[in-house]
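The values are calculated or read from the model by the stated rules, or taken from the named source; none is laboratory data. Here the structure is a predicted model, which means the values were calculated and not measured. Cβ: placed from backbone, ideal geometry, glycine included. Neighbour counts: every protein chain shown. The area values use the complete protein model at the heavy-atom level, side chains included, leaving out ligands, DNA and RNA. Shrake-Rupley method; radii C 1.70, N 1.55, O 1.52, S 1.80 Å.
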Amino acid sequence: MMTREENDRLCRIGPGTPMGALFRRYWMPIALAEKLPEPGGAPRHERLLGQDFVVFRSQQGKVGVLDELCMHRGASLVLGRVEDCGIRCLYHGWKFGTDGEILDIMNMPPGKRPPKLKANAYPVVEAGGIIWTYLGPAEKQPPFPHWQYLDVPDTHRVVMRVDSHYNWVQATEGGLDSSHVSILHTNGARPGWLGQSTDQVGAFDDTGPQLELEETEFGYHYAAFRRPARPGEPENCRIVPFVMPSGRIIPGGALQGASNATLVLEIPLDDEHTATYSVRYSSKPVDPAERHRETGFDDPEIYSFEDNKLKMSRGDYKQNRAIMATNFSGLRGIATEDAAIATSQGPIYDRSTEHLIASDMAVVRFRRRLLDSVDDMERGGDPVGVQADHRLIQAIDAPRPAGAHWRTLIPSHRVSAVDQAAE
Ligand code: FES
Ligand SMILES: [Fe+2]
């Protein structure tokens, strides 16, 4: 159990908070690249870690991320004019480059030199359908994380963003909680749950998986073991990496077929709002319509592709109780089920009232890893995983290997660029 103080230390990420300082040491997604399709197109307001930004694509095609409010007298640059290599504030015409350089000041007499100032601008990398930024101290900027999904062609991945009204910890914990999969997601994971069909019985029919966990340089790996569908067969083993500060990779497997994986990053917009970025990627082409259907977000009652917002609130979960005799959750789609649970826990869940059991091991370790890392930072250390080689991070769903440890399924386990360099 956590105290309320610990809960606040874990959940709050605004400027000046300990966890906010930790998040600011990693590269973060700030927008989907498809939302800024045209050079010189409309700028966007984006929120990240409790701060407001303008994100724009200059006429030269370069993306800029600046503080939303103009450094002169605070007009929103979202109203601004996007010009050749920058953005011009509508109020008095100050023009800023994508690097924050002041390029022009219209309300100054000719011949006067502009003051030696620079707007707050943040480093940007556009990669794999996402615009990423780094909000932390310049001298601490880590290498850009090269996730495995960046190496597949555009047609082999589907990137989604879902903005919701709950704290990022709820979302992250849900993703690391293996035992809920066979229960909340009964419809998808155990389609034979009513007993009509025995040939659909699979590993997910075991609702009480055994968990093991090992820390890694990027966070940890947990392995969930489920009883085999038929006697004599090996147990099923699902290894999921938790990647600091709020990422995970879900292996394809019983649910989706073995050739894919899904990267999920729970990005705090502020203390009470989260943007879930998910990337389904595969060695084969991925059909966007199929992916949208699987999540349940193809239903316009539940989700809007226009503004990426989840249309759900406490008291309006879009649950259909009339179908629950044959539909376990009464909700449509796996991601919708997860979103309903996180919404139901409230804007910031108070963990001082919960009752944990052994199956919550991965959730408990996630909290510990984050809070320990914040403590380390306060003593002058670096947060866990900022230097990790993300190319090596993978997930797996496979039969438990006979006579070998589960970690042999992931050859990169505990082997990191940092470790290798130290050897
Ligand atoms: S407030 Fe932006 S130029 Fe004056
Ligand atoms: Fe889930």
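Here are some notes:
- 10 Å binning of all Cα-Cα separations within the chain, expressed as whole percents from 0 upward: 4, 20, 30, 26, 13, 5, 2, 0, 0
- Surface share of carbon and sulfur [accessible, 1.4 angstrom probe, percent] for region 174-321: 48 percent
- Reported value for region 272-423: 231 Å³ per residue, from the convex hull of its C-alpha atoms.
- Hydrodynamic radius of region 68-194 per Kirkwood, over alpha carbon pairs, in Å: 19.4 Å
- Within a straight-line Cα-Cα reach of under 25 Å, LYS309 can be paired with the following lysines, leaving aside sequence neighbours fewer than 8 residues apart in one chain: LYS35, LYS318.
- Applying Stokes-Einstein at 20 °C and 1.002 mPa s to the Kirkwood radius of region 281-336, computed over alpha-carbon pairs, gives a translational diffusion coefficient of 171 µm² s⁻¹.
- Candidate aspartates and glutamates - alpha carbon under 15 Å from LYS118, same-chain residues fewer than 8 apart omitted: ASP67, GLU68, ASP99, GLU101, ASP104
- Calculated mean residue ellipticity at 222 nm for the chain: -4500 deg cm²/dmol, from DSSP H runs with n ≥ 4 weighted as -39500 (n - 2.57), summed, divided by the residue count and rounded to 500.
- Were the residues from HIS92 through ARG47 laid out at 0.36 nm apart, the gain over their Cα-Cα distance would be 13.8 nm.
- Residues in the chain average 45 Å² of solvent-accessible surface per residue, probe 1.4 Å, ligands and nucleic acids excluded.
- Calculated log₁₀ intensity ratio I(q)/I(0) where the Debye formula runs over C-alpha points of region 294-370, q = 0.11, 0.17 Å⁻¹: -0.39, -0.83
- Averaging Cα coordinates gives a centre for region 274-347 and one for region 51-76; these two points are 32 Å apart.
- Size descriptor for region 212-281, Kirkwood hydrodynamic radius: 13.8 Å (Cα pairs only, one decimal).
- Summary of the geometry: region 5-50 and region 158-184, compared by the centres of their Cα atoms, lie 18 Å apart.
- Listed peptides 401-408, 53-60, 333-340 appear in the order 333-340, 53-60, 401-408 once ranked by packing, highest mean of other Cβ atoms within 10 Å at the front.
- Counting every C-alpha pair in region 28-133, the share spaced more than 22 angstrom apart comes to 24%.
- Rg/Rh (Cα only; Kirkwood hydrodynamic radius) as it applies to region 209-328: 1.01
- Helix runs (DSSP H) in the chain reaching 15 Å along axis by Cα, Kyte-Doolittle at least 0.5: 334-344
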